[in-house]
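See structure below.
Nothing in this text is a laboratory measurement; each read-out follows from the coordinates by a stated rule. Keep in mind it's a predicted model, so treat the numbers as computed, not measured. Reconstructed Cβ throughout: ideal geometry from the backbone, glycine too, with neighbour counts over all protein chains shown.
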Amino acid sequence: MDNNVGPPLPAPLEAPAVPVSGARLSIVIPVYWNESSLPSLENGLLWLKARLVERGMTLEVVAVNDGSGDGSLDGLLAIKSRRPWLKVVSLARNFGAVAASKTGLRYVTGDCFIIVAADLQDPLETVLEMVDHWRAGSRFTIAARTSRKDPASTRALAWLYYRIVDWLVVKGYPKGGFDLMLMDRLMLPHMAGSGRNTNPNMYAFWLGIPPVVVPYERRARTYGTSRWTFRKKLNFMIDTVSGFSVAPIRILSGFGTGVALLAFMYGINIVVQAALGNSEVQGFPTIVALIAFFSGIILVMLGVIGEYIWRIFDNVSGKPESVVERTWL
């Protein structure tokens, strides 16, 4: 197995470590402009449900319409009329995939749960494999990509992002990241109660439960276009770093201390030169350059501090993370 996807898999699964007869898998699906993929999603869920029945388990699906502007809500309600195990939650507007997923966690009643995208890029066969690991006793199973079929710019950004995560945030995080994670119910209160700007995958990994890593290849997108824009990715990266690490502030503090020390030494040199009569009137460009440099450093430091202060304010302001307009349970 590729060393970049985490520790090796355990031995082949044997009988469940604990009785799981009658256990329930809950799937949370954030839906945003996914009207075209819903019929295929329904078929995939029916396939998964049949495989779970073979294992003595039941299925619960919580679909959260995240303010879609197409016919996604109507499509979900049509599926709901045929599949009573589907719960539909509709938000008042688009709050983002993370907020929609956390909203869906409020309605989870299963013994284990997972968040799956509605665009069908995450194979449900992998979800079933993760369920088998849970049945064998794993509390936390993650699916790490073995390769990416994204554009070169996306792969470059992902490479940079995971290197920053490994350097500043948490050691041992899979170098290619992971998209799917199946969690035991004991993790549900922690995931549902995480902060507003928290990266859920990072938070689940940070909780410290040793994960079983399942390698998989994410499918190419066949429905619609990705709305995961560069701006959203950049904001997500900033939220991840600032939400789990004080390293940016400490790095800038150390850099500022070093620059201040050099400036102090430079000032001593100027005083000594003046005392020796070697002072020159010239030096205006040097002064301007130093002022511009130090002003830029100060502004960068204030910006980083402001990012942390904003996240504190955003969490204590009392604003809801999402607003549920209507539910069909």
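Calculate the dipole size of the range 50-89 relative to its Cα centre from +1 charges on Lys and Arg beta carbons and -1 charges on Asp and Glu beta carbons; express the result in debye to the nearest 20. Walk me through the numbers before you get to the answer.
On the way: 6 positive and 5 negative charges, 51 e Å.
With Lys and Arg at +1 and Asp and Glu at -1, about 240 debye.
Across the range 128-137, coupling constants 3J(HN,Hα) worked out from phi with the 6.51/-1.76/1.60 Karplus curve, θ = phi - 60°, read 5, 4, 5, 4, 4, 5, 5, 5, 7, x Hz, and Gly and Pro carry x.
What the Cβ-Cβ distance of Ala156 and Leu329 gives, at R0 = 35 Å and to the nearest 0.05, is a FRET efficiency of 0.25.
Fewest neighbouring Cβ atoms within 10 Å first, the residues Leu329, Leu76 line up as Leu329, Leu76.
Within the set Lys102/Lys171; Lys49/Lys102; Lys80/Lys175; Lys87/Lys175; Lys175/Lys319, which residue pairs have Cα atoms separated by over 32 Å? Before the final figure, lay out each step's value.
Numbers: Lys102/Lys171 25 Å; Lys49/Lys102 23 Å; Lys80/Lys175 39 Å; Lys87/Lys175 35 Å; Lys175/Lys319 35 Å.
Violating the 32 Å limit, Cα to Cα: Lys80/Lys175; Lys87/Lys175; Lys175/Lys319.
Which of Trp134, Trp328 comes first, and how do the rest follow, when ranked by fewest Cβ neighbours within 10 Å? Intermediate values should be presented prior to the final figure.
On the way: Trp134 26, Trp328 14.
Ranked by crowding around the Cβ, least crowded first: Trp328, Trp134.
Put simply, the amide H of Arg24, placed in the peptide plane, has neighbours under 5 Å in Thr58, Asp111, Cys112, leaving out anything fewer than 5 places away on its chain.
Each peptide in 100-106, 122-128, 313-319 receives the mean, over its residues, of other Cβ atoms within 10 Å, and ordering these scores from highest gives 100-106, 122-128, 313-319. Shown is the FRET efficiency for Asn278 and Ile251, computed with R0 = 41 Å from the Cβ-Cβ distance and rounded to the nearest 0.05: 0.65.
What ranking of Tyr162, Tyr216, Tyr308 emerges when the number of other C-beta atoms within 10 Å of each C-beta is taken as an exposure proxy, fewest first?
Details: Tyr162 18, Tyr216 22, Tyr308 14.
Exposure proxy ranking, most exposed first: Tyr308, Tyr162, Tyr216.
Between Leu290 and Ile209, the FRET efficiency estimated from the beta carbon spacing at R0 = 56 angstrom works out to 0.65.
For Ala92, put the label point 7 Å out on the Cα→Cβ axis and report which residues of the range 314-329 keep their amide N under 19 Å from it. Flagged as within label range: 314-328. Summing Cβ point charges (Lys, Arg +1; Asp, Glu -1) relative to the Cα centre of the range 70-192 gives a dipole of roughly 240 debye.
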